[in-house]
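The values are calculated or read from the model by the stated rules, or taken from the named source; none is laboratory data. Everything numeric in this text was worked out from a predicted model, so none of it was measured. We place every Cβ from the backbone using ideal geometry, glycine too, and count neighbours over all the protein chains shown. What goes into the accessible areas is simple: the full protein's heavy atoms, side chains included, and nothing from ligands, DNA or RNA. Shrake-Rupley method; radii C 1.70, N 1.55, O 1.52, S 1.80 Å.
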Amino acid sequence: MEKINVAVNGAFGRMGREVCQAVLDDEELQLAGAFDLQGIGEDIGEVLGKKKLGIVLRNLSSEALAEGKIQVMVDFTTPMAVMDNIKISLACGIRPVVGTTGITQVDLKLIEEWVEKAGLSAFIAPNFALGAVLMMKFAQLAARYFKHAEIIELHHDQKIDAPSGTSLKTAEMIAAGRREEPQKREELLKLAGARGAVAENVHIHSVRLEGLIAHQEVIFGGLGQTLTIRHDSYDRKSFMPGVLLAIKKIASLKGLVYGLENLLDL
Ligand code: NAP
């Protein structure tokens, strides 16, 4: 079987390194390029603490993308860079698999246009962990019976964007699952932001602390009871099965697909 040639953008970063290792460990995939703004000129094998692989970290450019017969580009960079990366990737005929968060609804519309123009497909997931996808699905189901919900999302202190892409997606799914909107009550805020941000009538509280990876609690409140659904990623490896699945499935997808749940039999 022919291997799928995969490049990783953000390859010097925390997620990018995990993806490079996961691609190297998968016999159906071939690591065909490593891009980043950091570590330029370093061999990705050595960056991963292994022997040299002959793949050197470079800046992303159309010239660099034209080499290595890259078929899929995985992007784990920053919310500021991701749109340009998706655009250049599609313009070069390469399908993007994107985990970078901070992509808005307006951005998604634009990406849809680029995907259509390129006649390719693109895959974006705010969370590649299977447990997180199930947590969102369970939250959507619970929302049918509990109209009041709040989200607490907790991440490591290096995360730039807030609230997390997963919490926003969860709020959307709760809204889709609700049969009735929660009533708004008047509140006296003694400190701005005390009740967090609000998306789809769901309050979202963002915690950023050293020691955390990616965690989320969805708390539903009802008469005399609460229901808490919680997911914890203790290791970035938790995202890898989802990333590998997306890489392998993207060629058979049509247009822009958003969310890992679309690749699973849920
Ligand atoms: P990170 O360690 O900061 O890595 C990002 C890397 O991308 C850095 O080396 C960064 O360089 C580089 N970069 C920035 N702009 C770039 C550009 N234009 N071209 C190429 N490389 C560029 O961050 P991380 O923890 O790996 O997270 C990366 C992203 O993945 C974040 O958005 C995070 O929220 C998201 N994430 C998603 C999931 C998921 O399941 N979907 C899971 C975990 C994390 P500089 O340091 O110079 O900026």
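Numerical summary
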item	result
Sequence of Asp235, Asp36, Asp84 when ordered by accessible area, the most exposed leading, probe 1.4 angstrom	Asp84, Asp235, Asp36
Loop-located trypsin sites (Lys or Arg not before Pro) in region 106-203 whose Cβ has at most 10 other Cβ within 10 Å (DSSP)	Arg179, Lys184, Arg185, Lys190
For the chain: accessible area per residue (Å², 1.4 Å)	52
Where Thr77, Thr226, Thr100 fall by accessible area, highest first, once all protein chains stay in place (1.4 Å)	Thr226, Thr77, Thr100
Rounded to whole Hz, the Karplus (6.51, -1.76, 1.60) HN-Hα couplings of region 211-225, x for glycine and proline	x, 7, 10, 8, 9, 8, 10, 10, 10, 9, x, x, 4, x, 7
Distant-in-sequence amide H partners of Leu60 (H built 1.01 Å from N, under 5 Å)	Asp36
Phi to ³J(HN,Hα) by Karplus 6.51 cos²θ - 1.76 cosθ + 1.60 over region 227-235, Hz, x for Gly, Pro	10, 10, 10, 10, 10, 10, 9, 8, 8
Restricting region 25-82 to trypsin sites (Lys or Arg not before Pro) in coil, as DSSP defines it, with at most 11 other Cβ within 10 Å	Lys51, Lys52
Sites Thr228 and Thr104, calculated FRET efficiency, Cβ-Cβ separation with R0 35 Å, nearest 0.05	0.80
Residue with peak Gaussian network fluctuation, the chain [Cα springs, cutoff 10 Å], from Gly33, Gly16, Gly45	Gly45
Built amide H within the under 5 Å cut-off of Thr78, gap 5+	none
Sites excluded, GluC sites (Glu not before Pro) in DSSP loops with at most 10 other C-beta within 10 Å, longest stretch of the chain	28-179
Cα centroid separation, region 1-46 to region 206-266 (Å)	22
Solvent-accessible area, 1.4 Å probe, carbon plus sulfur percent, for the chain	53
Links that overshoot a 28 Å alpha carbon limit, given the list Lys117/Lys137; Lys51/Lys169; Lys109/Lys249	Lys117/Lys137; Lys51/Lys169
Relative contact order for region 130-233, counting Cα pairs under 8 Å that sit 6 or more residues apart, in percent	41
Built amide H within the under 5 Å cut-off of Ala214, gap 5+	Ser233
Neighbour count of at most 12 Cβ within 10 Å plus DSSP loop: longest chymotrypsin sites (Phe, Trp or Tyr not before Pro)-free window in the chain	1-144
Ratio Rg/Rh, restricted to the chain and using Cα atoms, in which Rh is the Kirkwood radius	1.00
